[in-house]
Amino acid sequence: MKDTLLVMEGIDKSFPGVHALDHCKFDLRAGEVHALVGENGAGKSTLMKILTGVYGKDEGKVIYKGKEISVSGTKEAQELGICIVHQELNLMPHLTAAQNMFIGREFTGKNKLFVNDNEANKKAQALFDAMNLKLDPKAKVGKLTVAMQQMVEIAKALSFDSQILVMDEPTTALTESEIDELFKMINRLKEKGVGIVYISHRMDEIKRITDRITVMRDGTYVDTVNTKDTDIQQVINMMVGRTIYETANEHNYTDLNQVALEVKHLNSGKKIKDVSFKLHKGEILGFSGLMGAGRTEVMRAIFGADKYDSGEILIKGQKVTILRPEHAVKHGIGYLSEDRKRYGLTLGETVEQNISLPCIDKYTNKLGFTNYSTITGTSKEYIEKLSIKTPGPKQKVKNLSGGNQQKVVIAKWLLRDCDILIFDEPTKGIDVGAKSEIYKLLSQLAKEGKAIIMISSELPEVLRMSNRIIVMCEGRITGELDIKDASQEEIIKYATKREA
Amino acid sequence: MANVATKNTVQADGGLKKAILNPANIQKFLAFGALIVLLIFFTIASPFFLTFDNIVSIMLSTCVNGILALGIIFVIITGGIDLSIGTVMTFSSVMAGVMITTMGVPMWLGIIIGILTGAFCGFISGTVVSRLKLQPFIATLGVMMITKGLSLVLSGTKPIYFSDVPAFRQITVGSIVKFGAEGKYSIPNGIFIFLFMAVIAGVILNKTKLGRYNFAIGSNEEATRLSGVNVAKWKTAIYSLCGAFAGVAGIVMAARLDSAQPALGQGYELDAIASVVIGGTSMVGGEGTILGTVIGAFIISTLTNGLKVMGVAQEWQIVITGLVLVLAVLLDTLRKRGNK
């Protein structure tokens, strides 16, 4: 049994109107990776924010290395050796790696006036060497890959001589090979005796990297289990507290005679190379591949969000010109971006304002006046149809959970009568329970005759949802699989089929 | 139907307290409350403040700034800024002046040309911002200088007087509404023009497609574009609208002074921005109200007028107005932080 590094007991925290944590507990041993899982809103982040000094706690004890502590700020927590690497990286792109690491603690020498960058670079280099990381401390952070930026964040945390490192969804933006690098780094840190709290939604990773798993649900502690004694389904059931929709691919209905969308020889710089494919009415066409394979780029080009060099787009057999998104929308294409908050929603606005945005024309008379009461009524219908959890159509979208936000985006395109729906990572950042609802919805839409493209980086998701799977690598289509012949291994084979 | 009606009444009963405590409404009350406090303060501080003539004078001095503010709020809601409205206002008045006095165009046509000139300047700004993707600050700074120069060129650097067209002056200074014995109390038309423009702005912002897109663009421009909205077109329209309001302000201004003053204008844009901000609109975009802006404009002119009536030196008036601006924004920020 390794030394216990941290014990949190009876932690209670309320925000106005929400009991965020109800007497939760958590413990961490030196040199272990401890997963903290739960649906969005389960209280994981709040618990970790209390640990790292972002929030104060209402009740409870935090015992660190045998002593009760009470941290009142992130800086104090850092000095104690408790650091967090946030999901959204907090780095300044125009500063160098070393400048970022030592921000707020610059080396100024005796005169306290001039910043000594050499000293910072030396310290950073030493740390990179210890981490076995090939990185120039003088490199501008904005020029680094996301994975490298994350390494800079980890290095920054370690520069405080951290004993506890909290990682919040560290792999969301990483490619497979980068994840491998990250896991190697985690293992090295483990050997050094650092305790790591690992927050993630990805069960396969949790199974792979963690030693123990603590499950939280609705602000309460559920259980802590040893990773090797448990299986994923059991953890998911604990998280959700109910049985969830988990059936195999079930929709076989495809009317292959009716082509909804055809793309011929699409090219755009180095990102899209001679991409051609057909999408049929009533099918879900999965797009698989590694991060950066060019899937999103293809979809953005088809939707008119980005310009492309050459190629033809045919909708129901007719050649169409799409230069801007509004042309695509006119032809019945709806695009649901992977980054809902940036590209899908006007967050500060209400549900009904978001749903009606693409089709204000429908509710506007010739003088340009918009009929808002009709919009409210229609929005209510869609809220019911897609079972969007919201107090009403006038609720601001930013107050909804990720899954419900995604449904708002879906409602938006359904109201616009889009027949071709392009989903880019439809379940990214959505918790397990809501995921199954989105899956159900996708199947239902396909059954109703919509043509659906689904980009997904999660192989089980692609295999479960698609009728056919197109695999891309480095801007080209490297494989097309019927669902009957598809397997994870097969997809990965094509996804890594680089040009010789 | 009966059910719906009962439900509404119930909501209204229990909802009044809620409506007052609703943060969105607090802002309106905050600005409005500040205006009331100012009025009471100056009434007590000076016997000359609360007189019919002085109140009319406050309202008249609100007109030009108010109309400018009503225009620029549209641009501010998109998250942009238009620095050119002050000089565009002048350019519009000079254009109208040249048309009416030297070209002999009928007055009504001259006025329309003046307003269209403003709209055209806005159209240029809007095109440069939305299609050529220049930052609004830089683009409109350029248009500000261009229109300032053009006003001077067009007028030969001299004021243009409307002495030959006595009707022109009546636009702002004349009054349709008179009451009391022999029309002792008269309210200048300029005030009604301002209020009329406020109603128009309110209808456009809250009832039309342009208003809807205006908020959507300010809230998330890229998401709006990807929703199939032609953002470039609508942004151009919004800047043009702002320019048209500057054009109207130019006419009201010229009528008030009975002349087009080519050297005037610069600095008016900042007062307009101050009115919008005091009225509770965020410079980040995505939110804003017409009522707030109207109140904001009144707060500025009440403050200026009240201090003047109290005998505070003009240089100190400016200092105090600046303090009020910072205080207003500070309060607003604190309120928003409190909500989180």
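The values are calculated or read from the model by the stated rules, or taken from the named source; none is laboratory data. All values reported here derive from a predicted model rather than from experimental measurement. Cβ coordinates were reconstructed from backbone atoms using ideal geometry, including for glycine residues, and neighbour counts include every protein chain displayed. Side chains are part of the model used for accessible areas, which takes the heavy atoms of the whole protein and leaves out ligands, DNA and RNA. Shrake-Rupley method; radii C 1.70, N 1.55, O 1.52, S 1.80 Å.
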Cβ crowding within 10 Å averaged over residues, with A:208-215, B:239-246 ranked highest first: B:239-246, A:208-215
Threshold 30 Å² - residues in the stretch B:183-216 whose accessible area is reduced by that much or more when the chain is no longer isolated, probe 1.4 Å: B:LYS207, B:THR208, B:LYS209, B:ARG212, B:TYR213
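Please identify the DSSP H helices in chain B that span no less than 24 Å along the helix axis (Cα) and have a mean Kyte-Doolittle hydropathy of -1.0 or more.
Working: long enough: B:2-21 (29 Å, -0.01); B:23-45 (32 Å, 1.83); B:52-77 (35 Å, 2.07); B:107-130 (34 Å, 1.85); B:136-155 (28 Å, 1.58); B:189-207 (26 Å, 1.91); B:231-257 (39 Å, 1.18); B:290-310 (30 Å, 1.56); B:314-339 (38 Å, 0.65).
Going by DSSP H runs, the hits are B:2-21, B:23-45, B:52-77, B:107-130, B:136-155, B:189-207, B:231-257, B:290-310, B:314-339.
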Cα gyration tensor, the stretch B:29-132 - rounded (a/c under 1.5), prolate or oblate: oblate
Burial order of peptide ranges A:356-362, A:118-124 (average beta-carbon count within 10 Å, highest first): A:356-362, A:118-124
Centroid-to-centroid separation of the stretch A:51-122 and the stretch A:143-195 [C-alpha atoms, Å]: 16 Å
Probe 1.4 Å, accessible area per residue of the stretch A:398-454, Å²: 25 Å²
Residue-count net charge about A:HIS23 - beta-carbon cut-off 13 Å; Lys, Arg +1, Asp, Glu -1: -2
Set of lysines with alpha-carbon distance to B:LYS336 below 24 Å, sequence-local pairs under 8 removed: A:LYS13, A:LYS49, A:LYS57, A:LYS341, A:LYS394, A:LYS396, A:LYS398, B:LYS17, B:LYS18, B:LYS28
Entries in A:LYS75/A:LYS207; A:LYS25/A:LYS192; A:LYS278/A:LYS493 that, when Cα-Cα distance is taken, lie over 28 Å: A:LYS75/A:LYS207
Hypothetical label at A:LYS123: residues of the stretch A:155-173 whose amide nitrogen lies under 11 Å (7 Å Cα-Cβ projection): A:159-161
The stretch A:7-109: chymotrypsin sites (Phe, Trp or Tyr not before Pro) in DSSP coil with no more than 16 other Cβ atoms inside 10 Å: A:PHE107
Chain A: DSSP helices with Cα axial extent of at least 15 Å and average Kyte-Doolittle hydropathy no lower than -0.5: A:146-158, A:402-415, A:432-447
Unit charges on C-beta of K, R, D, E only; dipole of the protein assembly as shown, Debye: 1200 debye
Accessible area buried between chains A and B, both sides summed, probe 1.4 Å, in Å² to nearest 100: 2000 Å²
Projected label distance in nm at B:ASP164 and A:LYS493, using a 7 Å step from Cα toward the beta-carbon: 9.1 nm
Sequence of B:VAL276, A:VAL432 from largest to smallest accessible area, 1.4 Å probe: A:VAL432, B:VAL276
Residues A:THR374 and A:VAL54, FRET efficiency given R0 of 41 Å [Cβ-Cβ distance, rounded to 0.05]: 0.40
Using a Förster distance of 41 Å, the FRET efficiency for A:GLU448-A:ASP229 (Cβ separation, nearest 0.05): 0.40
Share of carbon and sulfur in the accessible heavy-atom surface of the protein assembly as shown [1.4 Å probe, %]: 58 percent
1.4 Å probe accessible area per residue over chain B, in Å²: 47 Å²
31 Å Cα-Cα threshold exceeded, pairs from A:LYS316/A:LYS484; B:LYS178/B:LYS235; A:LYS138/A:LYS270: B:LYS178/B:LYS235
Nearest-0.05 FRET efficiency for B:THR333 and B:ILE44, computed from C-beta distance (R0 22 Å): 0.15
Probe 1.4 Å - accessible area at B:ILE295, Å² to nearest ten: 10 Å²
Members of the stretch A:334-349 that become less accessible by 50 Å² or more once partner protein chains are added (1.4 angstrom probe, chain alone as reference): A:TYR343, A:GLU349
